Amino acid sequence: MMGKNAYETYQMNSVNTASGSELTLMLYNGCIKFIKQSKKDMEAGNHEGKNRNIQKTQNVIQELMLTLNRDIPIAQEMLPLYEYMHHRLTQANLKNEAPILDEVLEYAVEFRDTWKQVILLNRQREFPEGAQI
């Protein structure tokens, strides 16, 4: 039990000390994790687990939509994509179709990977090679 409590404490500290960009990365990773688990549940015939994990994924996507800075032009382009993903998850849940989950997973992975690149570029600008910290 002690190991589980230590891990939960570590997770909570990670979230509490993360920057906004790191939190967004965590949301993308959570989205990917829940989609993959939904697919496993779907393949195993675990309808309750599939439903629960699809709903978790939808909650993550809703959080991503809420945290968009609408003053930035790219946010205006991201919002419809998030809405589309949310809608497709509903369809996957109702129709029990794994290919729809694969489609949403592709978007989530692409967004996550792009976001990682944004974080790296920002860090490089903040701390150029050879700069003194």
Checked pairs for region 91-118, first at positive phi, second part of a helix (DSSP H, G or I) and surrounded by 14 or more Cβ atoms within 10 Å (Cβ to Cβ), C-beta under 7 Å and 6 or more apart or across chains, list as Asn96/Met42
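Look through Glu77, Glu43, Glu8 and report the one residue that is at pLDDT 95 or above, over 19 Å from Ile119 (Cβ atoms), exposed (fewer than 15 other Cβ atoms within 10 Å of the Cβ) and not aliphatic (A, V, I, L, M).
Values: Glu77 fails: at pLDDT 95 or above; Glu8 fails: at pLDDT 95 or above.
Exactly one residue qualifies, and that residue is Glu43.
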Selected residue [touching a His at 6+ places or on another chain (Cβ under 8 Å) and aliphatic (A, V, I, L, M)] from Ile61, Ile100, Ile54, Ile74
Ile61
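Against the definition (of a type in the set (A, V, I, L, M), out of contact with any Gly (no Cβ under 7 Å at 6 or more places or on another chain) and modelled with pLDDT of 95 or more), how does Ala98 come out, yes or no? Let's see the steps before the verdict.
Details: of a type in the set (A, V, I, L, M): yes; out of contact with any Gly (no Cβ under 7 Å at 6 or more places or on another chain): yes; modelled with pLDDT of 95 or more: yes.
Taking the combined requirement at face value, the residue satisfies it.
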Sort out which residues of region 119-132 are among the hydrophobic types (A, V, I, L, M, F, W, C) and without any contact (Cβ under 8 Å) to a residue 60 or more places away in the chain, and write them in order of number.
Leu120, Leu121, Phe127, Ala131
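Being of a type in the set (Val, Ile, Thr) and more than 16 Å from Phe34 (Cβ to Cβ): is that true of Ile119 here?
On the way: of a type in the set (Val, Ile, Thr): yes; more than 16 Å from Phe34 (Cβ to Cβ): yes.
In short, yes.
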Restricting region 101-133 to residues that are farther than 14 Å from Leu64 by Cβ and among the polar types (S, T, N, Q), the one modelled with the lowest pLDDT turns out to be Gln132
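The values are calculated or read from the model by the stated rules, or taken from the named source; none is laboratory data. This one's a predicted model, so the numbers in the text were calculated from it and none came from an experiment. No Cβ is skipped: glycine too gets one built from the backbone with ideal geometry, and neighbour counts run over all protein chains shown.
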